[in-house]
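Structure in structure tokens, see below.
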Amino acid sequence: MKMKPWVAALGFGLGMSAISPASALVFTVTVDGTDAIFLAGRTDVTIPAADQPWNSPPGGFLIRHGGNTPEEIAGQGLESFPSFIPVSGGDIIRVLDPATGGINFFNGFGPPFFGPGGNGLSGSNLTSLGGISGYRGPQGPLAGVFLDNSVPSSGSPPATLNFDGAGTEFLVLNPELRQIFYIGDGVTGGLFQQFIAPAGATRLFLAIPDGFGFVGGPGAYDDNDGSYQVRIGVNEIPTAAPEPSVLALLGLGIAGLAGVRSRRKSA
């Protein structure tokens with residue numbers, strides 16, 4: 001399991017571990033491009049080496065490129081287990097500052113990068129894996145999934161939510177357990193969005209939905225690089241709405257995507 005930093009107030013956690021905040025439930029999170037939302041809570045599987053394919057663990061497996069990608073060769077392209085934030089049913093989750101950063105979903109390091117809101121208003125339609133739902137909406141955004149303490153390897157997955165078009169413009173969202181949902185930059189119409197933890201939830205995983213062409217079976221994480229950064233609050237109220245000028249500056253970082261948005265992954 002790859003280790004990565006998650007900083008929360010004065011404390012930190014590594015790998016697939018809960019973070020114990022030093023004070024309020026506020027977490028600064030880095031989500032790597034290889035963090036697979038479909039591996040949330042999957043302590044029953046082992047990520048194979050770069051030169052090995054996925055076998056068939058319970059509930060299915062992720063799809064990889066036929067040969068090693070540049071990221072794999074550099075030791076940066078293996079799928080990774082996402083970390084989680086501890087929550088309880090009924091908790092209100094908010095992004096406290098608009099999420100930032102970018103991820104490249106194509107072979108080779110560097111731009112083009114997708115921002116946390118993903119690419120376009122639609123274009124991704126991924127199937128479920130194990131007991132975790134599919135994902136439909138913008139390509140490669142920051143996404144989340146609430147889990148209880150069980151391993152989501154089996155059982156009927158919940159319905160796939162549809163975030164195409166204006167589907168990302170909600171103010172309050174009530175996803176079910178194991179139901180992947182869009183987070184993006186956490187802002188709509190100048191207001192911070194609210195995500196309500198369902199009954200039984202103990203963990204919120206933050207990660208990326210990905211697949212070849214962003215459709216079909218989940219996978220294609222082995223050529224991703226970059227990361228998203230986000231500050232998350234559990235039952236914390238933002239001190240102020242994001243300033244329009246701040247949102248405009250954040251948009252400049254992904255403005256260069258306009259010329260490459262027709263690109264898709266290929267095997």
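Return the Cα extents of region 170-232 along principal axes one, two and three, sorted largest first, each rounded to a whole Å.
Ordered largest first, region 170-232 gives principal extents of 32, 29, 19 Å.
Further question: May I ask for log10 I(q)/I(0) of region 91-192 at q = 0.11, 0.20 Å⁻¹, from a Debye sum over the Cα atoms as equal point scatterers with solvent left out?
Debye intensities relative to I(0), on a log10 scale: -0.36, -1.08.
Expressed in nm to one decimal, what extension gain is obtained for the pair SER156 and ASN174 from 0.36 nm per residue of sequence separation less their Cα-Cα distance?
Taking SER156 through ASN174 to full extension adds about 4.6 nm, to one decimal.
A short reminder: the numbers here are calculations on the coordinates, not readings from a lab. In this text the structure is predicted, and so the values were computed from the model without any measurement.
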